[in-house]
Amino acid sequence: MENLSAIQLRDKIAAGEVSSVEANEAIFKNIEEREPVVGAYISTYRDNALEKAAEIDKRLTAGEPTGELAGVPVAVKDNMCTTFGATTCASKILENFHAPYNATAVEKLISADAVIVGKTNMDEFAMGSSTENSGLKKTVNPWDNTRVTGGSSGGSAAAVAGGLCFAALGSDTGGSIRQPASFCGVVGLKPTYGRVSRFGLVAYGSSLDQIGPITSTVTDSALMLNVIAGHDSRDSTSVDETIAPVCDYLEKLDEPLEKLKIAVVPEFNVGAEEQVQKALTDAIDIYKTLGAEVIEINMPHLDYAIAAYYVIATAEASSNLARYDGVHYGHRSEKADDYIEIYSKSRAEAFGQEVKRRIMLGTYALSSGYYDAYYLKALKVRNLIRADFTKAFEKCEAILMPVSPTAAFKIGEKVDDPLKMYLSDIYTIAANLAGIPGISIPCGFDDNDLPIGLQILSPAFTEDKLLRIARMFEKETDYHRKRPDF
Ligand code: GLN
């Protein structure tokens, strides 16, 4: 059962070949056996999941209509609000926070009759690239337990790769869906900014954050996007469907694109490790054999993406995280004698080091006197990067690049050197600054047998084409079929 994709499982459940209870029991058996090592989940909901699964089985037997994910065990990153369990953001400050509502994306999973088995570990407040910044627990890469999962949605990626759920939701502010997906050998899609509602997603960098699926196949990614995409009146940045209609992403998924024109940015790719570059070259060759024309372009401002991102994201974070004041939410210091101390001591005690670093960086960049020099400058760079993409997409339908300069690195390798960690986001960040969609799909393995991801970027609101382009590659290759051993 474990080797089934989410859509295959759904179809088998619908056909009565396997029950949702059986599928969920199999997942919880894996969780019991593997979680002590992998550590993908912050919380799991066995009883609720089995109860929901039984209810769906009953409805199916009675011939009642069911949703698009009927009975399928899925996981949700722990920065999405749920009325069940806690919503911790892997932070001590929210360790006991219980949300009064569900995030829209979670609500949509529930309406589609998915069974939510648990909430996954992450870097605290989604700040990080390895999940080592979690304030609550450790997660290791199912392919090699001495290595990181990537981050910040490392728990979701490890859960999908490790057979601990059939599909998961992550969030991506600068690569947090795509990079862990590539480190764990699964598929990660960051939709266009505004395609999926952010309502109930705990804000990190509000102008960059986007929820998306982490799955074992491109088809599952399309299925999940079908469920979560769409306008939401509770999120003013979710896009009006009369302007950018949502389509059925599964409908034409298996139709290859004709006269496909793909671009690569050679001077930008040289920073990647040799084996990553080789996997990219091989992927390009596959697209050529599929009839695509591959052109070389130049995007002069991509080199500045990291610098701009770490000003903009931290500026937004410093403002978003001001609400954790020991009064409204979460942890309150017991050592505080007055209200100023409630604020300062609660934050000092419960925020982790990286979160504090970013709050300070962001506050500094926004302070009067430095605002123009840093924040405003970064916004200008953001516009130049966006313009680079607009120009590039006049010449091609998609851009191929690595997801990350390396495969999964060793636990502890970069955690004490923030700049080194930040540099690992070099290929993913530009898509968030430009607001465009990007997908990471498995495209090879390195000498250590670690998965390597291929990133494909396309213009805003062209997820239908992006998924089809990704599917063309997946159909030709077997990388996505390989699973880690346990
Ligand atoms: N790694 C990036 C960061 O640390 C991106 C995180 C994300 O996408 N949430 O900010």
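The numbers here are math on the coordinates, done by the rules we state, and not lab data. Everything numeric here is computed off the predicted structure, so don't read it as measured data. Backbone-built Cβ (ideal geometry, glycine too); neighbour counts: all protein chains shown.
Does region 229-249 contain any residue that is of a type in the set (Ser, Thr, Tyr), surrounded by fewer than 14 Cβ atoms within 10 Å (Cβ to Cβ) and part of a helix (DSSP H, G or I)?
Filtering region 229-249 down to residues of a type in the set (Ser, Thr, Tyr) leaves 233, 236-238, 242, 249.
Pick out the ones that are also surrounded by fewer than 14 Cβ atoms within 10 Å (Cβ to Cβ) and you get 233, 236, 242.
If we keep only those that are part of a helix (DSSP H, G or I) as well, we get none.
No, region 229-249 contains no residue that is of a type in the set (Ser, Thr, Tyr), surrounded by fewer than 14 Cβ atoms within 10 Å (Cβ to Cβ) and part of a helix (DSSP H, G or I).
Between residues in region 420-432 that are over 15 Å from Pro300 (Cα atoms) and residues that are acidic (Asp, Glu) and within 7 Å of the ligand (Cβ to nearest atom), which pairs lie under 8 Å by C-beta distance while being six or more apart or on different chains?
As it stands, the answer is Thr428/Asp172; Asn432/Asp172, since those pairs meet every condition given.
With respect to the numbered conditions (1) within 26 Å of Asn3 (Cβ to Cβ); (2) of a type outside the set (A, V, I, L, M); (3) assigned to a strand (DSSP E or B), which one is the sole condition not fulfilled by Ser43?
Result: Ser43 passes all but (1).
Inside region 270-382, counting only helices (runs of 4 or more DSSP H) that do not spill past its ends, which hold 3 or more residues that are within 30 Å of Ile93 (Cα to Cα) and out of contact with any Pro (no Cβ under 8 Å at 6 or more places or on another chain)?
On the way: elements: 274-289, 305-320, 339-350, 353-366.
The qualifying helices (runs of 4 or more DSSP H) are 305-320, 339-350, 353-366.
Across region 356-395, what is the total count of residues that are β-branched (Val, Ile, Thr), crowded, with 17+ Cβ neighbours inside 10 Å and within 30 Å of Ala460 (Cβ to Cβ)?
Summing the residues that are β-branched (Val, Ile, Thr), crowded, with 17+ Cβ neighbours inside 10 Å and within 30 Å of Ala460 (Cβ to Cβ) in region 356-395 gives 2.
Would you please name the residue that is surrounded by the most Cβ atoms within 10 Å (Cβ to Cβ), looking only at residues in region 302-311 that are under 14 Å from Ala431 (Cβ atoms) and more than 9 Å from the ligand (Cβ to nearest atom)?
Taking region 302-311 and keeping what is under 14 Å from Ala431 (Cβ atoms), we get 302, 305-306, 308-309.
Subsequent filtering for residues that are more than 9 Å from the ligand (Cβ to nearest atom) retains 302, 305-306, 308.
On the way: Leu302: 21, Ala305: 27, Ile306: 19, Ala308: 24.
Going through the qualifying residues, I end up with Ala305.
Looking at Val187 and the list (1) under 11 Å from the mean Cα position of the chain (by Cα); (2) of a type in the set (A, V, I, L, M, F, W, C); (3) within 16 Å of the ligand (Cβ to nearest atom), which single condition is not satisfied?
Val187 satisfies every listed condition except (3).
Considering only residues that are touching a Cys at 6+ places or on another chain (Cβ under 7 Å) and under 20 Å from Val74 (Cβ atoms), which ones fall in region 136-149?
Pro142, Thr149
Looking at Gly444, is it outside any helix (DSSP H, G or I), away from the ligand (no atom under 14 Å from the Cβ) and crowded, with 18+ Cβ neighbours inside 10 Å?
On the way: outside any helix (DSSP H, G or I): yes; away from the ligand (no atom under 14 Å from the Cβ): yes; crowded, with 18+ Cβ neighbours inside 10 Å: yes.
When the stated conditions are applied, Gly444 passes them.
Can you name the residue in region 347-373 that is under 29 Å from the mean Cα position of the chain (by Cα) and more than 16 Å from the ligand (Cβ to nearest atom) and, of all such residues, is nearest to Ser152 (Cα to Cα)? Before the answer, list the steps.
Initial filter on region 347-373 (under 29 Å from the mean Cα position of the chain (by Cα)): 347-366.
Add one more test, that the residue is more than 16 Å from the ligand (Cβ to nearest atom), and what stays is 347-350, 363-364, 366.
On the way: Arg347: 21, Ala348: 22, Glu349: 22, Ala350: 19, Thr363: 22, Tyr364: 24, Leu366: 25 Å.
Step by step, filter region 347-373, then rank; the result is Ala350.
Residue-by-condition table, conditions (1) surrounded by fewer than 20 Cβ atoms within 10 Å (Cβ to Cβ); (2) over 15 Å from the mean Cα position of the chain (by Cα); (3) within 16 Å of the ligand (Cβ to nearest atom); (4) under 18 Å from Gly194 (Cα atoms):
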{"site": "Phe409", "(1), (2), (3), (4)": "no, yes, yes, no"}
{"site": "Glu413", "(1), (2), (3), (4)": "yes, yes, yes, no"}
{"site": "Asp417", "(1), (2), (3), (4)": "yes, yes, yes, no"}
{"site": "Ile452", "(1), (2), (3), (4)": "no, yes, no, no"}
